Each structure stands twice: as C-alpha cells, then as structure tokens.
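Below: the structure, in structure tokens.
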Amino acid sequence: MTSVLFDAPGPVARRNSLIASVVGAVAILAGIAWLYFVLNAPRGDLPGYFDPSRWEPFTEPLVWQRLITVGVWGTLSAALTASVFAIALGIVFSLLRSAQTAWIRIPTAIVLEFVRGMPVLLMMLFILLVLNTGSFWAVVAALTLYNGALIGEALRAGLAALPKGQREAGLSLGMRPMQSKMLIEFPQAFRQMLPIIIAQLVVLLKDTSLGYIVGYVELLRVSMNQLASFYGNYYLFSFFIVALVLYLTMNLTLSWFARWVARRTQRRTGMKAPNPDEENEELLRAKAIAESKQTPQGGIL
Amino acid sequence: MDAVIDNLPFYLEGFGMTLLLLVVSGIAALVIGTLIAAMRISPVPSLRWFATGYTEIVRNTPLTLVLFFCAFVLPVLGSRLDYATAAIIGLSVYTSPFVAEALRSGVNGVPVGQAEAARSVGFGFSQTVGLIVLPQAFRMTIPPLINVFIALTKNTSVAGGFFVVELFAVGRIVANARGDQVIAILLAVATFYLLITVPLGLLAARLERRWVVQR
C-alpha cells in the first residue's frame, strides 16, 4: 500500500524510518515502565500492586480449582451450548429469510431486524424476568437468538454468493429445490462462511460475561465477586489481572483458530475466504451481493 | 402499559444518558481509533507492533470486564471519577480497535492498481493520496464505521449494569418496581434502542449500496 504511493525509500528515508522506530519503541517502553512503577508504588502503608503479598491467594490450589471448575467451566458451557443452538437457529433463519413466500420472508426479516437492533443484555433480562428460566438458560437463549440472527445473515449471504450453476446442476439431475439446497448449496455456503461463523463465536464467547450482570455464575462472577470479596479488596487488582489473562487465553485461542480456518478454506477451495479480522466489512459486502442477486424468481424453498 | 406512561420522564432521562454515552464515547473512540489506525499503516515498525498488540488485546477482552475495571478497580487504584465518566472511558477504549480496523480495511480496500495508475500518469504522492486513494477509502469506510456505532449503541447497555442510570438500568429499575408489567416495560426500552439502531442500520445499508465502487 505505502510502497505504490511514492518511490521506493532511499538510504535517507530508511534511516529516518529506523530512527523513528527506535524513538517510538523507547517512548512505548517508557510508557509501560511508568505504568509499572505507578502500580508498584506503595499505597500509604500498603505495598504496591506487584508485591508478592498481593498474589498470595494464587498459591492455594483451591482458588485455581474454583476458577477453573466453576468459572472457566461456567463460561465455556454457556458458550458451547449457545454456539450449537445459534448455528442451528442460523440455518433455520437463513432458510426462512430466503423463502419464496413473502408471508414467511417478510416477517422473518422484521424479526431479524428487531433482534439485531437490540442489546443482548436486554434480551437476557427479558428472558430472565418474563420466562423465568433461571440465569443459565437466560444467557444461553439470548446469545442463541442474537448470534443465530447474525449467523443466519452470513449463511444467506453465502448461499446467494454461490454460482447459479450449482443449483441449476442439482435441478437438472432431478433433485427437488429443497434437496439441491440442502445437499449442494448449503454445504458449500457453510464452508465458505465458516471463518465468519467462528469469528461470530468469539463474540459469543466474549458476551457470556454479560451473564455477570444477570447473575449467572461464570468466570467474571467467580473471580471478581466470590473469590475477590472473600479475600478482600487488598487482592482485587490481582484477581482482575488473573481473570483478564484467563479470558484473553480463551478468546485469543478461538480467534487464532478462526484465522487458521480462513487460511485453510482459501487454500482448499481456491476462493478468497472472508477474513475474520474484517468480519463487519466482509459481511456487509456479502450482504450487498446477496441483495443485488435476489431476483423475484431467484429464491426457492 | 401505565407503568411505562407513568415513568416516561424517567425513560427519557435514561435515553438522554444513553445518547450521551453514545456520542461522547463515539467521538473519543473515533480519535483513539484514528491514531491506532495511523500507527498500524505507518512505515515505522515499533508503532505498527504496538498498534497490533493493542488491537488484539482490547478486542479480545469482554466489554463487561472493561467496565468492571472502570467501576470497581479504578476506584481501588485511586481514581475519583464518577461512574458515567469512567464508563465513557471504558466504552471509548473498547470501541477504538473496531474503529481502527474499519478505517484500515477502508484504506486497504482500495486496489493497488488505482494508486499505480495515478502514479503512472505522473501524479505525485499528495495527488495520488488526496485525489485518488483517500476519496475511495472514505466511501468504503463510512458504512462499516456506522456499524461500529450501532454496536456501540447496544454496548452502552452494559454500563447500566455498573451504576450508570441509562436505558437498560431504567428498564431494570422500573421492572423491579412493577413486576406485573415486565413485558411492556422492557419492550418500551427495546423501542428506544431501536429508535437509534434501526435508522443507523438503514443509513449504513443505503450508503453501502450507493457508495460502493462498482468494479
């Protein structure tokens, strides 16, 4: 990008770039060091936040056991359950949304618009208070609905972006429209949109922490409410850092997996798979393609 | 329904707070995000690495954790900010990497051939950037940016879980007081959110269709 905008950098430009890089690195390291010393400065009579006495609870195996078996497990079990349901719901949504009958298509579009425009947290509260499901199912149901809507849109875009010949070939073999959709089109669309779906699952995993606000016992509640209150404010910062590291470990692993799948899809199919880093933009573009291709006689089912 | 009508001033107060959170942290996120995006595409390696690390870490941290930090950990560290200000800081920081990615994808989305063509007809750096690349990048950037702000609108609800009295908190308070009309109370809250998100979504879709460069 930068290289085509101007001539290749000569020795002077390269030297300037090196100097700027070193100056920038020094400034960033100075900032990090400043942050470290501010946090590590003694607070009144109490030691700084990196003092070993502040991290004592983590020498007890029981703390880790609770963090992992209750906290991480609470987060992962909600995320896993919601993921499975969200993908299933996404498939249903994408079929209904591209149905031929306007009586099915238009109400689905309105429902999707409604679900996508509402905060997930509000859905959780609604399900919790109205349906009285308990906090686990409130979290799972709200995440399923919201992410199902987004995955549905992604799948619909994937279906619409397939070459027309795929469906025509299926029909010419004597398949019914529904058979061609399920056996020929869906597997391709699903594979093409897999990186976007996994990227959406990273969002879902992150959003399980909203369960903290509606009282679901997951990683944030176990670490910050139960353990940090038990051990006292003295250890609050340490517990926060440990919770942050555990969350980052889970989310970065899944993000990395999404990227790996995107690269693999691209290599296997030779088509450019959507990059999960640019999920919003790619999803928008795919939707624009889907809309421009949606002719009155195009939708089947 | 009368629970909603009786509490309409309270609802409007919450709506005002939601709008305040949206506008102030939206502008702040735009400023931080632009800086990060500029670092990310700069030719200086150390700034590039810093911007990449910042984007990765902030984007993979749950918003609830960020706002928890602002509401509970910042006071322990000695901050004297009120909860709304702390929430605005948290929302700005959380939104900034998404802004940066939208800007970056806009600039990266302009095909190399455009700049090559500009240079081949003798344009200099400022002409290539100012007349050819930036106008196209701008068009491709606005719709994803609007989507970031839609997400921010919905994210402001999380601040309601941490002592900020905005729409979500209003809904929760009123619903706790009037358990008999929970459905109407929460649907009214949803309507206020849709009042912001649906028009923004339509605008994004419209600009996307009109401004997308046909290739």
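The values are calculated or read from the model by the stated rules, or taken from the named source; none is laboratory data. Note that the structure is a prediction, hence the values are computed from the model and not measured. Heads up, the Cβs are rebuilt from the backbone with ideal geometry, glycines too, and the neighbour counts pull from every protein chain shown. For accessibility, only protein heavy atoms count, side chains too; no ligands or nucleic acids. Shrake-Rupley method; radii C 1.70, N 1.55, O 1.52, S 1.80 Å.
Hey, what's the Cα Rg ratio for chain A versus the globular rule of thumb, 2.2 N^0.38 Å?
Values: Rg = 25.0 Å, N = 301, 2.2 N^0.38 = 19.2 Å.
So chain A has a normalised radius of gyration of 1.30.
Peptide A:19-25 has a mean of 5 when you count, residue by residue, the C-beta atoms of other protein chains within 10 Å of its C-beta.
Using only protein heavy atoms and a 1.4 angstrom probe, determine the accessible area buried between B and A, summed over both sides, in Å² to the nearest 100. Spell out each step's value before the answer.
Values: alone 11980 and 17460 Å², together 24180 Å².
Using a 1.4 Å probe on protein heavy atoms, the buried area is about 5300 Å².
For the protein assembly as shown, lysine pairs separated by 8 or more sequence positions, or belonging to different chains, with Cα-Cα distances below 30 Å total 13. Short to long, the 20 Å bins of the Cα pair-distance histogram for the protein assembly as shown hold 20, 52, 26, 2, 0 percent of all pairs. Considering only alpha-carbon pairs that sit under 8 angstrom and 6 or more positions apart, the relative contact order computed for chain B is 30 percent.
Of the residues A:PHE58, B:PHE163, the one with the largest accessible area comes first in the ranking B:PHE163, A:PHE58, computed with a 1.4 Å probe on protein heavy atoms.
According to the Kirkwood relation over distinct C-alpha pairs, the hydrodynamic radius of the range B:1-119 is 16.8 Å. The accessible area of A:LEU254, taken with all protein chains in place and a 1.4 Å probe, comes to roughly 50 Å². Can you compute log10 of I(q)/I(0) for the range A:95-148 with the Debye formula, treating each Cα as one identical point scatterer, at q = 0.15, 0.17 Å⁻¹? So the normalised log intensities work out to -0.48, -0.58.
Taking all Cα-Cα distances within the range B:125-176, those exceeding 19 Å account for 54%. With one equal scatterer per alpha carbon and no solvent term, the Debye-computed log10 I(q)/I(0) for chain B at 0.10, 0.12, 0.16, 0.19 1/Å reads -0.56, -0.74, -1.09, -1.32. Please report the carbon-and-sulfur percent of the accessible area for the range A:48-270; probe 1.4 Å, protein heavy atoms only, DNA, RNA and ligands left out. It is 67 percent, rounded to a whole number. Largest accessible area first, the residues B:ASP2, A:ASP51 order themselves as B:ASP2, A:ASP51 under a 1.4 Å probe with ligands, DNA and RNA left out.
Between B:ASN176 and A:PHE114, what is the FRET efficiency for a Förster distance of 35 Å, r being their Cβ-Cβ separation, to the nearest 0.05? Please list the in-between numbers first.
Details: r = 24 Å, r/R0 = 0.69.
The value I calculate is 0.90.
The residue list A:VAL203, A:LEU162, A:LEU236 was ranked by how far each Cα lies along the charge dipole of chain A toward its positive end, using unit charges on Cβ atoms, and A:LEU162 comes out on top. Each label point was placed 7 Å from the Cα along the Cα-to-Cβ direction; for B:MET1 and A:ASN233 their separation is 4.9 nm. Accessible surface calculations at 1.4 Å, restricted to protein heavy atoms, place the protein assembly as shown at 47 Å² per residue.
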